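The values are calculated or read from the model by the stated rules, or taken from the named source; none is laboratory data. All values derive from a computational prediction rather than experimental measurement. We place every Cβ from the backbone using ideal geometry, glycine too, and count neighbours over all the protein chains shown. All accessible areas refer to the heavy atoms of the entire protein, side chains included, with ligands and DNA or RNA removed. Shrake-Rupley method; radii C 1.70, N 1.55, O 1.52, S 1.80 Å.
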Amino acid sequence: MAIRIGDIAPDFTVETTEGTIHFHEWLGSQWGILFSHPKDFTPVCTTELGTVANMQPEFAKRNTRVLAVSVDTVADHHEWIKDINETQNTTMNYPVIADSERVVANLYDMIHPNADDTLTVRSVFFIGPDKKVKATLTYPASTGRNFDEVLRVLDSLQLTGNYQVATPANWKQGDDCIIVPSVTNEEIAEKFPKGHTMVKPYLRTTPQPDI
Ligand code: BEZ
């Protein structure tokens, strides 16, 4: 069954390039990004995994652990990682699950048979410290993901989790945020000391609270 926003992210125990991982335990109290890619030794995937390795400091800054999934073996992953490091000017620094039995792929509905009946699509699951799924993205094999967008979504989710704000279309770091409808006008002054703008009674903006 499809995993939806608000569901508990299914737990699993798997072999990875960094040893056995018990997923929930490995996440601890951090945020998690679980992302699948179709196959080892493929060009788009090579750029994606290298890009994420180069962006590790950004994920760490956001208290977020990253875990990749591929339906290949640990031995294949280790061989491929040599190519990733060489071609993407990086050193792999996060685990890749060896999901040759498709346990995680099936648990997270990452195989879309009408696209390909054996390989995983490009899924991203954003998981909060409460182990609930906060957002998902799905791309076909031919479209490499924009990991700046993954960071942007993480920033938005963390803002919503910590303050009562949402983020508008095309929001980026430093832009104004939207005060969520559950906050009454009477509560605004105390909750948003940086001030606010009442564009419409239902559209109230405030400077980004955490900067
Ligand atoms: C790739 O990563 O380049 C790729 C993988 C499967 C199908 C198409 C592209």
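Points worth noting:
- Cα-derived Rg over Rh, computed across the stretch 1-63 with Rh taken as Kirkwood radius: 0.98
- Taking each residue as 0.36 nm, the span from V180 to E58 lengthens on full extension beyond its C-alpha to C-alpha distance by 41.2 nm.
- Shape descriptor for the stretch 33-90: Rg over Rh equals 0.96 (Cα atoms; Rh from the Kirkwood inverse mean 1/r).
- Here the Gaussian network model covers the chain, with springs between Cα atoms less than 10 Å apart; of I97, I33, I178, I178 fluctuates the most.
- The chain: angle of helix 74-87 to the longest principal axis, Cα-based, in degrees nearest 10: 70 degrees
- Here the label points at E18 and L137, each 7 Å from Cα along the C-beta direction, are separated by 2.1 nm in the simple model.
- Nearest 10 degrees, 0 to 90: helix 43-54 Cα axis against the chain principal axis: 60 degrees
- Distance violations [Cα-Cα > 22 Å] among K39/K172; K61/K134; K61/K172; K61/K131; K61/K194: K39/K172; K61/K194
- Against the chain, whose longest principal axis comes from its Cα atoms, helix 147-162 is set at around 50 degrees.
- With all protein chains in place and ligands, DNA and RNA left out, the 1.4 Å accessible area ranks R4, R204, R62 as R4, R62, R204, largest first.
- Gyration tensor (alpha-carbon) shape descriptor, the stretch 1-157, a/c threshold 1.5: rounded
- Once backbone amide H atoms are built at 1.01 Å from N, R122 has Y139, A141 as its partners under 5 Å, excluding neighbours fewer than 5 places away on the same chain.
- Rounded to 5, the percent of DSSP beta bridges in the stretch 1-153 classed as antiparallel: 65 percent
- Extending 7 Å from Cα along the Cβ direction at D117 and again at R152 yields two label points whose distance is 3.8 nm.
- A Förster radius of 22 Å combined with the Cβ-Cβ distance from L203 to I5 puts the calculated FRET efficiency at roughly 0.40.
- Mean accessible surface per residue for the stretch 1-79, computed with a 1.4 Å probe while every protein chain stays in place, in Å²: 44 Å²
- Simple spin-label estimate for E25 and T91 in nanometres, 7 Å along Cα-Cβ: 2.8 nm
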